[in-house]
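Everything on this sheet refers to the single structure shown next.
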Amino acid sequence: MKEFLSRVKEHVPIRLIKYTAVLLSLFQLYTAAFGIFRSPMAHRAGHLGFVLVIYYLMESLEAKSQITKAINWLFSILSAITAIYLIVCDKRLIEIISLGEPTLLDNIITVLIIILVLEAIRRTQFAIFICCVLGLLYMPFGMYFPGILKHAGISWGRTIYFIGASGEGIYGDMLNVSSSFLFGFILLGAFLVKTGITRFFIEAASILFGRFTGGTAKMALFSSGLVGTVMGSGLANVATTGVFTIPMMKKSGLPATLAGAVETVAADGGQILPPVMGTAAFLMAEFTGIPYSTIALSAVVPAVLYYGGAFFAIHLFCKKNKISGLKKEEIPSKIDVLKKIYYLLPLVALMFAIFYFRVSPTRAALVGIAASIAVTFFRIKTRLTLRGFLDSLELGAKNAIEIVILCAGIGIFVGSLTTTGLAMRFSEIMMALSGGNHLIMLIVAMITSIALGTGLPTPAAYIVSAAFIAPSLVNAGMSLLAVHLFLVHFAIKASISPPVAVSAVVAAGIAETTDWNKTCWDAIKLCASSFFIPFMFVFGEGLLLVGSWNVVLMAVITASIGVFCIAVSVEGYLFNDINMVGRVILFAAGLLLSYQGMISDLLGIAFAGLVMAINFAQFLKTKNVALKVNS
């Protein structure tokens, strides 16, 4: 009897997690097809309620003591109760903001919601938890802060209610992002994995790049980039495609840390790769009013430069360290891969939905999911069963858990700063720090954007940056399109850069290396040129395909040379090893080519040409000596 009861205790939460995760995904599919549930508040409350219930149930499985298990069960039940309350009372709660006072029960529910979200954030991202607590304290105690940080102060009652039950705090724009298209694209990613489409991308990449130097790393760059463009999260992309690509890279001879770094760079780069750009393009269109098609077209060249810089760096490293490609027998048959060409249909359907039918991002994700399911029926062996369908729903929900919690938590932080007016005063702070100099402003914006995006998925990181940083840059006279693309590019850097570097940490785990810090720095080295690409297109909009054809062509050529110079400088190798002086000169050449101007371009090309010519001469000399010795 005791054995039976213990087995029941073990299996009940597992079953509940599975069923609740499936229900969450079905809820999201339903709202994607038929519109939001009841009201924006009710829709977001249901979304977050499901997530918190699943999260605390999952935590109960990991708990070691009975007390901790009981607390997690209590939190899970309270998550369900608070969500139901908000759904039932959604309209009245919104009206209270301007027309009345909340009841005692309203206040209790609101406090519980904040506690549940804060505790979940504390367990998942402690740095974000600290920001949330500071934001909450800043609202009532703002009158005690000095200078530009000072504000009149907001009562504790209004603070708690505004953050926990209005459409501006926890249930604000951040949760709107996760409850609509972000969750949809994460779910699409789960279906791509379960239906074997990601595997097709890897096989196709192996045919294109497998036999060349560093073939497995180039395969990872190509395949993860394709998957990443339709996923709402670089982190989820690393977790799904990395299990295939990282072991292959290690097997071919790449160090574990570098294998993790390649996957990190490839997966996160998908967030800036058209057409979908990990939903960033949709968000930009909403923020700026610029047509989606214009944004997607403008993002093409910067995305190609991003992957081009990483490709050069990988090639040079592998050439230097004599890391070959796959053997002929390891590369799949071209005929076999071509027979699976129909696996591209979900991407084609997605692009048609976006560009031709101009559907919303949420509906576009739904179209992609439907197409992913449909292609499995082309062959009997690959047909998606009911169990496979339910497993995909479960996987998608679980992949989204931590991201949704992060969005809810950052909603507290953003809500506190927008309510107090600090977000609007941020432009004054930037102007004071930069003295109005555009380059300094952009450097401050870069650092701030990376810091604000720490631990967040790219769409949420971009929203934070767009709210705080974009107005000051646009007011300083910079292009609206260039500024917002600049922020998107640095939003993805937060998941690569220290101190958190969440994508690098996950990739390091898959690569089975404890040195995630080296994985992080290897990733930064691989995409070093991408830190300069956003500056290139802000100072020269030709890279965004703005201007006459000769301006665009010159911008693309000089930027490509600049990206190549930085990649060679970082790796310290071209035809032969390059000494430190040569590397510094090449890096300077890359910087000169980053700034769009005739004199800087000519100087950059001259410096780069000189170093490369010397390196080639040294290579020929070494080769001739080797030939004489052999003869």
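Here are some notes:
- For region 113-151, the candidate set comprises residues that are surrounded by fewer than 17 Cβ atoms within 10 Å (Cβ to Cβ), aliphatic (A, V, I, L, M) and at pLDDT 80 or above; within that set, the residue that is farthest from L57 (Cα to Cα) is M143.
- Selection status of L422, modelled with pLDDT under 85, over 14 Å from P471 (Cβ atoms) and of a type outside the set (S, T, Y): no
- Positions within region 565-577 being farther than 20 Å from S594 by Cβ and in contact with a Gly (Cβ under 6 Å, 6 or more places away or on another chain), in sequence order: none
- Taking each residue of region 573-584 that is touching a residue at least 12 places away in the same chain (Cβ under 8 Å) and looking for partners that are among the β-branched types (V, I, T) with beta-carbon atoms closer than 6 Å, six or more apart or interchain, yields L574/V568; G582/V611.
- Residue in region 269-282 that is touching a Gly at 6+ places or on another chain (Cβ under 6 Å), within 23 Å of P247 (Cβ to Cβ) and at pLDDT 80 or above present: yes
- Residues of region 246-289 that are among the hydrophobic types (A, V, I, L, M, F, W, C), touching a His at 6+ places or on another chain (Cβ under 9 Å) and surrounded by fewer than 20 Cβ atoms within 10 Å (Cβ to Cβ): F287 alone.
- Selected residue (only one of R383, R379 is exposed (fewer than 15 other Cβ atoms within 10 Å of the Cβ), out of contact with any Pro (no Cβ under 8 Å at 6 or more places or on another chain) and within 15 Å of F191 (Cβ to Cβ)): R383
- Scanning region 535-583 for residues that are assigned to a helix (DSSP H, G or I), more than 27 Å from the chain's Cα centre (by Cα) and charged (D, E, K, R) yields one hit, R583.
- Of the residues making up region 183-208, those that are farther than 30 Å from G46 by Cα and among the small types (G, A, S) are G196, A204, A205, S206.
- Of the residues S416, S434, the single one that is surrounded by 18 or more Cβ atoms within 10 Å (Cβ to Cβ), at pLDDT below 85 and closer than 30 Å to G153 by Cα is S434.
- Only a single criterion out of (1) surrounded by fewer than 24 Cβ atoms within 10 Å (Cβ to Cβ); (2) among the hydrophobic types (A, V, I, L, M, F, W, C); (3) in contact with a helix residue (DSSP H, G or I) (Cβ under 6 Å, 6 or more places away or on another chain); (4) within 22 Å of L235 (Cβ to Cβ) is not satisfied by A451, namely (3).
- Spans of helices (runs of 4 or more DSSP H) in region 153-262 with at least 3 residues of a type outside the set (A, V, I, L, M): 156-165, 183-194, 197-209, 215-230, 234-252
- Single unsatisfied condition, I109 versus (1) in contact with a Gly (Cβ under 6 Å, 6 or more places away or on another chain); (2) surrounded by 17 or more Cβ atoms within 10 Å (Cβ to Cβ); (3) in a helix (DSSP H, G or I); (4) of a type outside the set (D, E): (1)
- Some residue of region 462-484 being surrounded by fewer than 24 Cβ atoms within 10 Å (Cβ to Cβ), over 23 Å from I412 (Cα atoms), within 17 Å of the chain's Cα centre (by Cα) and at pLDDT below 85: no
- Applying a threshold of 9 Å to beta carbon distances and a minimum spacing of six or more residues, or different chains, the list of pairs starting in region 302-325 at a residue that is over 14 Å from L543 (Cβ atoms) and ending at one that is of a type in the set (D, E, K, R) and not in a helix (DSSP H, G or I) reads K320/D577; S324/R211; G325/R211.
- Exclusive hit being part of a helix (DSSP H, G or I) and within 24 Å of the chain's Cα centre (by Cα), set G388, G411: G411
- Considering residues of region 541-567 that are of a type outside the set (A, V, I, L, M) and in contact (Cβ under 8 Å) with a residue 12 or more places away in the chain only, the residue surrounded by the fewest Cβ atoms within 10 Å (Cβ to Cβ): S560
- Subset of region 348-366 that is assigned to a helix (DSSP H, G or I), out of contact with any helix residue (DSSP H, G or I) (no Cβ under 7 Å at 6 or more places or on another chain) and not aromatic (F, W, Y) - its residue that is surrounded by the fewest Cβ atoms within 10 Å (Cβ to Cβ): V348
- Subset of region 52-72 (residues that are crowded, with 18+ Cβ neighbours inside 10 Å and of a type in the set (G, A, S)): S60
The values are calculated or read from the model by the stated rules, or taken from the named source; none is laboratory data. Fair warning: this is a prediction, and the values are worked out from it, not measured in the lab. In this analysis, Cβ positions are derived from the backbone assuming ideal geometry, glycine residues included, and neighbour counts consider all displayed protein chains.
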